[in-house]
Amino acid sequence: MRVALTIAGSDSSAGAGIQADLKTFAAHGVFGVSAITAVTAQNTTGVIASAAMPADLVTSQLEAVVSDIGVHAAKTGMLASVEMKTVFISNLRWLAEFERQPLPEKRKSAIERSYFLRETINTNFDKVRSLADGVLFEFGPTRQHGLTLRRQIQKWQPQLRMLFLTRITLFKYRLQLHGFELPPAVRASQLEFDSQLAITLDRLADNMEEKAPTEDQALKDAFERLEESVRTCCSEGSQQSMAIELKAFLALSRTAEGLVISLENEILPPKVGSNASQM
């Protein structure tokens, strides 16, 4: 009897993945063997949870089957590279939402929502790291594309995580918690900067999803106005403690701006007329 190997994810509802492949093999008189790359909890309504298998365990499955039973043909199923890209894009959008959290008058709901967002974003960081291992075991015509995407996302992931950690601290200023209050002028500039930062993150997600690009809303200009408002407050004789706090706030905001612009330069295609496009 011919032996077919399926390298795919497990679908608990048996509508797709390893389970569906094995049923199809049997229906055609082929003996089916498998190497599971991911496990999903799903039903007819959708995917509830998922986790990629460790790379060494996928290797062990392949070696065990090939060395003993042998394989005449193989197919791949759920591509870890596609899932990795989807989760990374999801984190860009979740971070954009984090930037748009409600104002202090809705502080309690904002804090509760932030806990959910932070947990979701952290979970997605772990998923991306795990799925990157699965990409190594994807073969076929899309392998090189998947490996290239893996290298890119592994480069972008630390920058996105650093942005996330920076924004957690800046979130306290956004809510005007005790010890993190900002003068009204700086507060207004902060809200504008946060809005532009969220728009930029959404633009990055749109580009990765190959959607029509939105208009550049000039994040740099928003930061310059924020910087000027801080400088003005410090020059108007603010208390020394307030001046120190404002400088710390500005330094964090500058870090956030730098990280987003770095991601923007790497993810978005060069603008027409730029040096990069003329090379």
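Remarks
- Label corresponding to Rg/Rh (Cα atoms, Kirkwood Rh) when calculated from the structure given, among (1) 1.02; (2) 1.53; (3) 1.11: (3)
- Once backbone amide H atoms are built at 1.01 Å from N, Ala38 has Gly9, Ser10, Met53 as its partners under 5 Å, excluding neighbours fewer than 5 places away on the same chain.
- Between 0 and 90°, nearest 10: helix 17-27 axis offset from the chain longest Cα axis: 20
- Shape category assigned to the range 1-43 from the gyration tensor of Cα positions, a/c cut at 1.5: oblate
- Listed values for the range 183-189 are Karplus-derived 3J(HN,Hα) couplings in whole Hz (6.51 cos²θ - 1.76 cosθ + 1.60, θ = phi - 60°), namely x, x, 5, 5, 4, 5, 5, and x replaces Gly and Pro.
- Per residue, the accessible area of the chain comes to 53 Å², computed with a 1.4 Å probe over protein heavy atoms only.
- Taking the Cα centre of the chain as origin and assigning +1 to Lys and Arg Cβ atoms and -1 to Asp and Glu Cβ atoms, the resulting dipole is close to 220 debye.
- Close lysine pairs were tallied over the chain: pairs 8 or more places apart or on different chains with Cα atoms under 25 Å apart number 20.
- Amide H contacts under 5 Å for Ala74: Leu5, restricted to partners 5 or more places along the chain or on a different chain, H placed in the peptide plane at 1.01 Å from N.
- Across the accessible surface of the chain, with the other protein chains kept in place and a 1.4 Å probe, carbon and sulfur atoms take up 57 percent.
- Remark: relative contact order (the chain) = 16 percent; criterion is Cα-Cα distance under 8 angstrom and separation of 6 or more residues.
The values are calculated or read from the model by the stated rules, or taken from the named source; none is laboratory data. Only a predicted model underlies this, so the values are computations on that prediction, with no experimental measurement involved. As a convention, Cβ positions derive from the backbone with ideal geometry for all residues, glycine included, and neighbour counts pool all protein chains shown. Just so you know, the surface numbers come from the protein's heavy atoms only, side chains and all, with ligands and any DNA or RNA stripped out. Shrake-Rupley method; radii C 1.70, N 1.55, O 1.52, S 1.80 Å.
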